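Undergrad: A single structure is presented below for examination.
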Protein chains: 2
Amino acid sequence: MLNFTFSNTTKIVFGRGVEEQAGKEAAKWGKKVMLHYGGGHIVRSGLKDRVVKSLQEAGLEIVEFGGAQPNPRLSLVREGIELARREKVDLILAVGGGSAIDSAKAIGIGVPYDGDVWDFFAGKADAKESLPLGVVLTIPAAGSEASNSAVVTNEDGWLKVGYGSLVLRPKFALLNPELTFSLPAYQTACGVADMMAHIMERYFTREKDVGFGDHLCEAALRSIIQEAPVAIAEPENYGARANIMWASTVAHNDILGVGRSEDWASHNIEHELSAIYDIAHGAGLAIVFPAWMKYVYKQDPDRFVQFAVRVFGVEQDFHNPERTILEGIRRLEDFFRRIGLPVTLADAGIPADRLEEMAKKATAGDTRKLGSFMPLGQEDVLAIYKLCAGQA
Amino acid sequence: MLNFTFSNTTKIVFGRGVEEQAGKEAAKWGKKVMLHYGGGHIVRSGLKDRVVKSLQEAGLEIVEFGGAQPNPRLSLVREGIELARREKVDLILAVGGGSAIDSAKAIGIGVPYDGDVWDFFAGKADAKESLPLGVVLTIPAAGSEASNSAVVTNEDGWLKVGYGSLVLRPKFALLNPELTFSLPAYQTACGVADMMAHIMERYFTREKDVGFGDHLCEAALRSIIQEAPVAIAEPENYGARANIMWASTVAHNDILGVGRSEDWASHNIEHELSAIYDIAHGAGLAIVFPAWMKYVYKQDPDRFVQFAVRVFGVEQDFHNPERTILEGIRRLEDFFRRIGLPVTLADAGIPADRLEEMAKKATAGDTRKLGSFMPLGQEDVLAIYKLCAGQA
């Protein structure tokens, strides 16, 4: 087990009606709040009005900033930074899913920074501070509500890049599972794949002696696998929605990843897909992760046997580890298919004609390796894209 | 699932050599630190000297306060409060296990309080603030290093009482598994029983729709059950020691208990044993918990079947739940025995002649019920003590 520091300071307020505490929690961090959200359903459902009312009742002044969208764009972030500076807001409240939260996070570190906010994502600067950030979560998926990271897409070259820093952790997050009752089945499934991927990026490590974390990761995966079909079949099942919502937070708040090197190759490989094709991140992960597994399992077969047996209850073939491993991967694909996700590029209607280009971009022309379980160069990533395309 | 708030602000620094960061972390909270510890091994092993050196190098002034002991006494707490006030210390650094931490916690809330510190434990006052508290952990067991509670024994009547408040959470905790290499097998085992009990007090709930938390609890238990015999057989096995140390923190930092009513009857029943007989808390729990399970399982057999199957891998008898349940309890007892713990009062050399007295005291003369899984009155508690004594 590696040495580690764990400090997760986000206050989680969880349960029915908790969005009505937005004003009370926000008022602890200032008087003027930027309300950042996507629009559409959040407005139509009346959620925005409820949050505004709560903020007003707590005496807060509100600066509205809508327009958050999937795979949040740098241009929107820059616009938000300008607005926040001009209006001198004290804090940001993001209402929505990972996209609204991530653009709010980028705005939060951009406001007090003299240079261009992209510097952080380009690895040219480290964020020293952020405006305080609160969250009303509507989509359990990204785990951004308690994570120390954000992902932004730079339209100049369609670079989708993540940045991590402790200052990115939200101060508070309000999680009401009822707000997810109206999530369509496909979006629910994409969220499920995203949170499972967050756990698996941590689970697949070469670090030894991390049994406690392994057990927790496997348990979290099993629970999600159990609850997801229930939430999809019964969208207003509070228990299933609640377990999934809490799982999405725990999957990415670091408690499952301490003491080990994490991987994150699959996320980077997927980012190229969603940057070019604007496929939902979770759907992209459902395609990439099984392909990644098929490509890398020989590096540490024992871990993949453990995954198959403990997560999917595969009856172990003690004489043929490969059979056990491949059965585990197949069950992961079957699970994704069952909840309505694509597991090949063709399933998602994505042509296989830009694989070289994506492999080159993902590895910056073979100058950076992806992942730590097996560091992947351009040829490796291309091979994984080919597996995504069903090409052996 | 119940509504909940989760906020765990303790910064965990984990790994080899981290006690040398004591000065750096403590200096964030003040200039004058009270160093609270037990003595004996902490002094002989050189740990105290290393911590003192680290504090001195960070420019801190040190006020020494030794004398921490198992089942920490109120008189010691009062003495510490006097000293801390007289010396005007800014923070307290506890070096040791749950006892040193708990007396430091009680001192921490006692110093800024006008009345008597026992008021908090007697339910007469709520702590508004505490001196900042840091921890160098030497015994993985109590989980007090990141918990919001403390237990103190009042020698006037030998009342052992817990108090919980968010202000009791330490600011930082330094966890070096190497410091536990020298823990004797029996003390290691007692710690293991204590952390397992912390998980089981949360696991055995009547709350429905807490599947995600159930899975995490079961995983944590399985991991501890796997690592404990290794740590006992190979005291210097870093991996086993590290997994157990981290498990002790997670077991009690609330992540496993959110969204559910917790029980804690077994802890209260055990407190009478350790208050009177000064048996190690973990050993007492190894006696009480299986007895409690035998007494209450009929209230929700399904949960006990789930425990047997998922935690101990009992082959389920689908036609006879009781057989499955009792096999699960038997395996828990077998595990405790295997790691050298008592599972009956006789095993621990405790006579069965004060059972009525303890049952009366635990329930305050039948005026308070213990636990929430099955609220227990004086007669119930007496029956459980009798089960501890092997009397059916």
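The values are calculated or read from the model by the stated rules, or taken from the named source; none is laboratory data. As the structure is a prediction and not an experimental result, all values here were calculated from the model. Here Cβ is always computed from backbone atoms with ideal geometry, including for glycine, and neighbour counts include all displayed protein chains.
Undergrad: Can you pull out the residues in the stretch A:184-203 that are over 15 Å from the mean Cα position of the chain (by Cα) and crowded, with 23+ Cβ neighbours inside 10 Å? Show your work before the answer.
TA: Of the stretch A:184-203, the ones over 15 Å from the mean Cα position of the chain (by Cα) are A:184-186, A:203.
A:TYR203 - this is the single residue of the stretch A:184-203 that is over 15 Å from the mean Cα position of the chain (by Cα) and crowded, with 23+ Cβ neighbours inside 10 Å.
Undergrad: Give just the number: which of (1) within 11 Å of another protein chain (Cβ to nearest Cβ); (2) at pLDDT 95 or above; (3) surrounded by fewer than 23 Cβ atoms within 10 Å (Cβ to Cβ) does A:ARG206 not satisfy?
TA: (1)
Yes or no, residue by residue, for (1) within 21 Å of the chain's Cα centre (by Cα); (2) over 15 Å from B:SER149 (Cα atoms); (3) surrounded by 18 or more Cβ atoms within 10 Å (Cβ to Cβ):
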site	(1), (2), (3)
B:PHE65	no, yes, yes
B:GLN69	yes, yes, no
B:ARG73	yes, yes, yes
B:GLY80	no, yes, yes
B:GLU87	no, yes, no
B:ILE92	yes, yes, yes
B:GLY96	yes, yes, yes
B:GLY115	no, yes, no
B:ALA125	no, no, no
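Undergrad: Say whether the condition of being in a helix (DSSP H, G or I) and not assigned by TED's automatic domain parsing to the domain that holds B:ASP209 is met by at least one residue in the stretch B:63-75. Please lay out each step first, then the result.
TA: Within the stretch B:63-75, the subset in a helix (DSSP H, G or I) is B:74-75.
If we keep only those that are not assigned by TED's automatic domain parsing to the domain that holds B:ASP209 as well, we get B:74-75.
Yes, there is a match, as at least one residue in the stretch B:63-75 is in a helix (DSSP H, G or I) and not assigned by TED's automatic domain parsing to the domain that holds B:ASP209.
Undergrad: One residue is enough: does the stretch A:185-204 have a residue meeting the conditions closer than 27 Å to A:ALA359 by Cβ and part of a loop (DSSP other than H, G, I, E, B)?
TA: Checking the stretch A:185-204: at least one residue is closer than 27 Å to A:ALA359 by Cβ and part of a loop (DSSP other than H, G, I, E, B).
Undergrad: Look through the stretch A:250-271, keep the residues that are within 14 Å of chain B (Cβ to nearest Cβ) and in a helix (DSSP H, G or I), and return whichever of them is surrounded by the fewest Cβ atoms within 10 Å (Cβ to Cβ).
TA: Looking at residues that are within 14 Å of chain B (Cβ to nearest Cβ) and in a helix (DSSP H, G or I), I get A:VAL250.
Undergrad: Scanning the stretch B:136-181 for residues that are aliphatic (A, V, I, L, M) and in a loop (DSSP other than H, G, I, E, B), which turns out nearest to B:LYS24 (Cα to Cα)? So that I can check it myself, show each step before the final result.
TA: Filtering the stretch B:136-181 down to residues aliphatic (A, V, I, L, M) leaves B:136-137, B:139, B:141-142, B:146, B:150-152, B:159, B:161, B:166-168, B:173-175, B:179.
Restricting the remaining residues to those that are in a loop (DSSP other than H, G, I, E, B) gives B:139, B:141-142, B:146.
Values: B:ILE139: 22, B:ALA141: 25, B:ALA142: 25, B:ALA146: 19 Å.
Going through the qualifying residues, I end up with B:ALA146.
Undergrad: Among the residues in the stretch B:185-200, are any touching an Asp or Glu at 6+ places or on another chain (Cβ under 9 Å), closer than 29 Å to B:ALA364 by Cα and not β-branched (Val, Ile, Thr)?
TA: yes
Undergrad: Since B:LYS31 meets every condition but one in (1) basic (Lys, Arg); (2) surrounded by 15 or more Cβ atoms within 10 Å (Cβ to Cβ); (3) more than 7 Å from chain A (Cβ to nearest Cβ), which condition does it not meet?
TA: Exception for B:LYS31: condition (2).
Undergrad: Within the stretch A:218-233, can one find any residue that is among the basic types (Lys, Arg), touching a Pro at 6+ places or on another chain (Cβ under 8 Å), assigned to a helix (DSSP H, G or I) and within 14 Å of another protein chain (Cβ to nearest Cβ)?
TA: Filtering the stretch A:218-233 for residues among the basic types (Lys, Arg) gives A:222.
With the extra rule that they be touching a Pro at 6+ places or on another chain (Cβ under 8 Å), the set shrinks to none.
Scanning the stretch A:218-233 turns up no residue that is among the basic types (Lys, Arg), touching a Pro at 6+ places or on another chain (Cβ under 8 Å), assigned to a helix (DSSP H, G or I) and within 14 Å of another protein chain (Cβ to nearest Cβ).
Undergrad: Does the stretch B:143-163 contain at least one residue that is within 29 Å of B:VAL51 (Cβ to Cβ), touching a Leu at 6+ places or on another chain (Cβ under 7 Å) and within 13 Å of another protein chain (Cβ to nearest Cβ)?
TA: Within the stretch B:143-163 (the criterion being within 29 Å of B:VAL51 (Cβ to Cβ), touching a Leu at 6+ places or on another chain (Cβ under 7 Å) and within 13 Å of another protein chain (Cβ to nearest Cβ)), the answer is yes, since at least one residue qualifies.
Undergrad: Among the listed residues B:VAL343, B:VAL381, identify the single one that is assigned by TED's automatic domain parsing to the domain that holds B:MET293 and not in a helix (DSSP H, G or I). Break it down stepwise before answering.
TA: On the way: B:VAL381 fails: not in a helix (DSSP H, G or I).
Result of the check over B:VAL343, B:VAL381: B:VAL343.
Undergrad: Any residue at all in the stretch B:183-192 that is within 13 Å of chain A (Cβ to nearest Cβ) and of a type outside the set (D, E, K, R)? Quick ask: steps written out before the conclusion?
TA: As a first pass, look at the stretch B:183-192 and keep what is within 13 Å of chain A (Cβ to nearest Cβ): B:192.
Checking which are of a type outside the set (D, E, K, R) leaves us with B:192.
Looking for residues that are within 13 Å of chain A (Cβ to nearest Cβ) and of a type outside the set (D, E, K, R), one finds at least one in the stretch B:183-192, hence yes.
Undergrad: Right, something else. Looking at this structure, is A:ALA27 in contact with a Leu (Cβ under 7 Å, 6 or more places away or on another chain) and either touching a residue at least 40 places away in the same chain (Cβ under 8 Å) or among the hydrophobic types (A, V, I, L, M, F, W, C) (or both)?
TA: Working: in contact with a Leu (Cβ under 7 Å, 6 or more places away or on another chain): yes; either touching a residue at least 40 places away in the same chain (Cβ under 8 Å) or among the hydrophobic types (A, V, I, L, M, F, W, C) (or both): yes.
Here the answer is yes, as A:ALA27 does meet what is asked.
Undergrad: Tell me, yes or no, whether the stretch B:70-87 has at least one residue that is within 14 Å of chain A (Cβ to nearest Cβ) and at pLDDT 95 or above. Explain how you work it out, then say what you get.
TA: Step one: of the stretch B:70-87, the residues within 14 Å of chain A (Cβ to nearest Cβ) are none.
No, the stretch B:70-87 has no match at all.
Undergrad: Have a look at A:ALA283, A:ALA240, A:ALA247 and point out the one that is under 21 Å from A:LEU175 (Cα atoms), in contact (Cβ under 8 Å) with a residue 40 or more places away in the chain and surrounded by 24 or more Cβ atoms within 10 Å (Cβ to Cβ). Walk me through it before giving the result.
TA: Working: A:ALA283 fails: under 21 Å from A:LEU175 (Cα atoms); A:ALA240 fails: in contact (Cβ under 8 Å) with a residue 40 or more places away in the chain.
The match here is A:ALA247.
Undergrad: A further question follows. For B:PRO170, indicate whether it is in contact (Cβ under 8 Å) with a residue 40 or more places away in the chain and crowded, with 24+ Cβ neighbours inside 10 Å.
TA: Taking the combined requirement at face value, the residue satisfies it.
Undergrad: With respect to A:VAL296, determine if the residue is within 14 Å of chain B (Cβ to nearest Cβ), in contact (Cβ under 8 Å) with a residue 24 or more places away in the chain and of a type in the set (Val, Ile, Thr). Can you show your working first?
TA: Working: within 14 Å of chain B (Cβ to nearest Cβ): no; in contact (Cβ under 8 Å) with a residue 24 or more places away in the chain: yes; of a type in the set (Val, Ile, Thr): yes.
No; evaluated as a whole, the condition is false for this residue.
Undergrad: Assess whether A:ILE287 counts as being within 14 Å of another protein chain (Cβ to nearest Cβ) and closer than 21 Å to A:GLY340 by Cβ. Break it down into steps so the answer makes sense when it comes.
TA: Details: within 14 Å of another protein chain (Cβ to nearest Cβ): no; closer than 21 Å to A:GLY340 by Cβ: yes.
Taking the combined requirement at face value, the residue does not satisfy it.
Undergrad: Return the pairs, sorted by first residue and then second, in which the second residue is hydroxyl-bearing (Ser, Thr, Tyr), the first residue lies in the stretch B:188-201 and is under 11 Å from B:LEU341 (Cβ atoms), the beta carbons are less than 7 Å apart, and the residues are 6+ apart or on different chains.
TA: Correct list of pairs: B:GLY191/B:SER248.
Undergrad: Next question. Which of the residues that make up the stretch B:351-366 are under 24 Å from the mean Cα position of the chain (by Cα) and among the hydrophobic types (A, V, I, L, M, F, W, C)? Before you say what the answer is, go through the steps one by one.
TA: Going through the stretch B:351-366, the residues under 24 Å from the mean Cα position of the chain (by Cα) turn out to be B:355, B:358-364.
Within the stretch B:351-366, B:LEU355, B:MET358, B:ALA359, B:ALA362, B:ALA364 meet the criteria.
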